[in-house]
Structure formats: structure tokens, C-alpha cells
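Everything below concerns the one structure shown next.
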Amino acid sequence: MTKDTREYILEVSLLLFLQKSFKAVTMKEIVAKTGLSKGAFYHYFESKEKVFEEVVRYYFAAVLAGKPMENYKSLSLKSFMKASIEESFLSLDHIEKMNSNSELPGGLNHYFIIFDAVSQIPSFREEFNMHNQIELDTWSHVIDNAKKSKEIKTKISSKTLAQMFMYMGDGYGIQYILLKSNFSEMRTAMKELKKIWSDFYKLIAND
């Protein structure tokens, strides 16, 4: 079994699932986009469901999860915000690099793949919730430290602040991604989110 070929299939399939829903993508389309013969393709995956499940694992590990949140726990809140945005840019760069040799358009919707994963893969909801909880706990930990060090002066609870930072990111992402944004627009969105976070940071730093 050739690892490079398997990874190539996953990357091509990932781009298709990011463009469409699980239901809209066909096995015939996946095989055609890879340029492999049916025999060669089925050597690796026997069904669309099997392809999708491995694509989700690949996408979640390589793009959504990013670096372990433990790596960021010792950062100041300001540095943590910067690191989070930089990680988002790296994830986008990773997807765009995969898309560079593809005929697929640039618009992406990672919400499609998450919603479909929840419905198609029984264990994924729990895994995704666990990832979100780790992210929330890390934000809360960093904010707790920021309060102790007097970096910020707000009386708002750390958990509430953590949720506000995370949900601002999610909400802003939906605004762009659900409108079929291209890579350039998504970068603009992340730069705008960076400014929104910065302005919010100033508010809680001087509360």
C-alpha cells in the first residue's frame, strides 16, 4: 500500500467534501478527480463512507485541531490571541496548497464537513465536543493567568470571556465561509477577526 497515493486520495476527496455536502459528492466523482483507475482506487477505499470517515480524521488532525493547545497555555492572553490567528492562517495555507493543483474553485465550507461528520460518523460528535472543551479550557486558563498577572482587569468570568473569544471567531467564520468565500476573502476575514479580538482585548484590559 503506497502511503503517498493514499494521502493524495484523501487530499482530493477532502477538497470535494469541503466544496459540497457528503450527499452531493459521488464515488464516481472522487475516482475521476484522482485520475486513478477504479481498480487502483478501490484498492485503497471500498466505499464513499470509508473515504469520508478517513478524510474527516485526516482533516481534523491536520487542519482543525492544529497544534496541541497545551503548547499555548503559558502564553499571555495577547500572545495567545496572536498564536491562534497564526494557526488559522497556517491551516488555510495547508488547504490552499492542496488546492493549487486542483480544478476545484477556491471557496470552502468546513461547516459542511463538520455537520456531515456528526451525522455520518457516530463517534465524531464526542470527539469534536472534546476538542472544543479543550480549546475552551485553554482559553479560560490563559485568561485566568492574564487576570492574575494584571494583564487584564475585567471582572467578567474567565469562562464567559473564553466563550466570547471562541464564539466571535465561529460567528465571523460563518459569515464568510457560508457565503462561499475564496482564499483571499478568508484571509481578509481572519485579519478583521484579529482586529475585533484586539479591540475587545483593549476593552477588558482597561475595564
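The values are calculated or read from the model by the stated rules, or taken from the named source; none is laboratory data. A quick note: this is a predicted structure, and the numbers were derived from the prediction, not measured. Positions of Cβ are generated from backbone atoms using ideal geometry, with glycine treated the same way; all protein chains shown enter the neighbour counts.
State which residue pairs qualify: first residue touching a residue at least 60 places away in the same chain (Cβ under 8 Å) and inside region 110-123, second residue surrounded by 14 or more Cβ atoms within 10 Å (Cβ to Cβ) and of a type in the set (S, T, N, Q) in any location, beta carbons under 9 Å apart, and separation of 6 or more residues or different chains.
Pairs that qualify, where the first residue is touching a residue at least 60 places away in the same chain (Cβ under 8 Å) and the partner is surrounded by 14 or more Cβ atoms within 10 Å (Cβ to Cβ) and of a type in the set (S, T, N, Q), are Phe112/Gln19.
Any residue in region 67-96 that's in contact (Cβ under 8 Å) with a residue 24 or more places away in the chain and farther than 20 Å from Leu193 by Cα: show its pairings with residues that are surrounded by fewer than 17 Cβ atoms within 10 Å (Cβ to Cβ) and of a type in the set (Ser, Thr, Tyr) at Cβ separation under 7 Å, as long as the two are six or more apart or on different chains.
none
Tell me, which residue of region 75-102 that is part of a loop (DSSP other than H, G, I, E, B) and in contact with a helix residue (DSSP H, G or I) (Cβ under 8 Å, 6 or more places away or on another chain) is modelled with the highest pLDDT?
Residue satisfying both the conditions and the ranking: Ser76.
Can you work out which of the residues in region 18-56 that are touching a residue at least 60 places away in the same chain (Cβ under 8 Å) and aromatic (Phe, Trp, Tyr) is surrounded by the most Cβ atoms within 10 Å (Cβ to Cβ)?
My answer is Phe52.
When region 60-74 is examined, which residues are found to be at pLDDT below 75, surrounded by 13 or more Cβ atoms within 10 Å (Cβ to Cβ) and in a helix (DSSP H, G or I)?
Selection gives Ala62, Val63, Leu64, Met69.
Pairs only if they're at least six apart or on different chains, beta carbon under 6 angstrom, first in region 188-207 and within 14 Å of Ile156 (Cβ to Cβ), second of a type in the set (A, V, I, L, M, F, W, C); list them, first residue then second.
Ile204/Ile152; Ala205/Ile152
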